[in-house]
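Below is one structure; the comments refer to it alone.
The values are calculated or read from the model by the stated rules, or taken from the named source; none is laboratory data. Please read all numbers here as calculations on a predicted model, not as lab measurements. Using ideal geometry, Cβ is built from the backbone for each residue, glycine included, and neighbour counts are taken over all protein chains shown. We work out accessible area using only protein heavy atoms, side chains counted, and drop any ligands, DNA or RNA first. Shrake-Rupley method; radii C 1.70, N 1.55, O 1.52, S 1.80 Å.
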Amino acid sequence: MTAISGSAAAVTGAASGIGRALALELAARGCDLALADRDEAGLQQVAAEIGKAHQRKVTTHRVDVGLRAEIQDFASAAVAAHPGLNIVINNAGVALLGAFHEVDPAQMEWLININFWGVVHGTRAFLPHLSTRGEAHIVNVSSIFGIVAPPGQTAYCAAKFAVRGFSESLRHELAMAGSPVKLSVVHPGGVLTNIVRNARTGSGISDNARRAESIDRFDAIAKTTPPIAAQRIIAGIEKNQPRILIGNDAKFMDLLQRFRPATYWSVLAKRIERMGGKK
């Protein structure tokens, strides 16, 4: 078990969405914070909101998790500011709209640098320090699309499946080595954030109709709020849960994939159409 009160946590993607909700909830539970994001204004807003309600030490750091050097600098600065730091949440992520033939290699590389390599480099940068703590925890945010793979998500699924595989293997290594560091991998279902609104569009897409349709469908099926997602993640940290599923939709898709590992999509597509109001 990793106690939240009295801990210090580093959170990436902390200016909005699940990251912001995690920052607010962790602070409310007595945790100091090193918050990272590219959105400096958003970080300042989160820090100010925490400062009004809680007496916690909060530092903000402008970081592009797609750049390894910036992640390393963040880790050094976070540990210097919070010597007792013992929780790292690799949460930052982006989305990309388009089928495989509509997305160019540079766009795939951009997404994978953030969604996968950002997690790997974040883990590597903080792990030596975490290993010196009496109890410590790494949380790597994958997705339900690290368990099932719908069409139109080739880059995103590639990255999120990779996060899952990397995290599970590393967790086993840490356990075999008797490390004090525990590791959880998170698989959110539909969480009502701006990730789809902020998604980049594949270079092969020439109209805006697909983008609007994707946003409408996401809004229709995303039933979990960021605060609920944050509470679920924190409960998983406290209980040292290796896999954290968020939302009934994630639980359903996880079970469906287990029962129909090669043919789940025919069932899932119909369910998504019904939830999105399609005939």
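Odds and ends about this structure:
- Ellipticity estimate at 222 nm from DSSP helix runs (n ≥ 4, -39,500 (n - 2.57)) divided over the chain, nearest 500: -15500 deg cm²/dmol
- Protein accessible area in the chain, 1.4 Å probe - carbon and sulfur %: 54
- R0 of 45 Å, Cβ-Cβ distance ALA106-LEU255: FRET efficiency to nearest 0.05: 0.75
- Note on ALA28 and SER131: the extension gain reaches 34.5 nm, defined as 0.36 nm multiplied by sequence separation minus the Cα-Cα distance.
- The range 138-143 - phi-based ³J(HN,Hα) in whole Hz, Karplus 6.51/-1.76/1.60, Gly and Pro as x: 10, 10, 10, 8, 8, 5
- Relative to the current alpha-carbon distance between ALA209 and LYS239, full extension at 0.36 nm per residue lengthens the span by 6.4 nm.
- Candidates ILE50, ILE71, ILE138: whichever shows maximal mean-square fluctuation once the chain is modelled as a Gaussian network with Cα springs under 10 Å: ILE50
- Between the range 201-216 and the range 139-160, the Cα center-to-center distance that results, in Å: 19
- Ranking ASP216, ASP249, ASP207 from most to least accessible surface, computed with a 1.4 Å probe over the protein chains only, gives ASP216, ASP207, ASP249.
- Rounded accessible area of ASP73 (nearest 10 Å², 1.4 Å probe): 100
- Given a 1.4 Å probe and the protein chains as shown, ARG62 ends up with an accessible area of around 110 Å².
- For the chain, modelled as a GNM whose springs connect Cα atoms under 10 angstrom apart, the maximal fluctuation among VAL88, VAL79, VAL11 occurs at VAL79.
- Along principal axes, Cα extents of the range 1-57, largest first, whole Å: 31, 23, 15
- Shown are ARG217, ARG68, whose ranking by accessible area with a 1.4 Å probe and every protein chain present, most to least, is ARG68, ARG217.
- Between ASP73 and GLN44, the simple label model (points 7 Å from Cα in the Cβ direction) yields a spacing of 1.9 nm.
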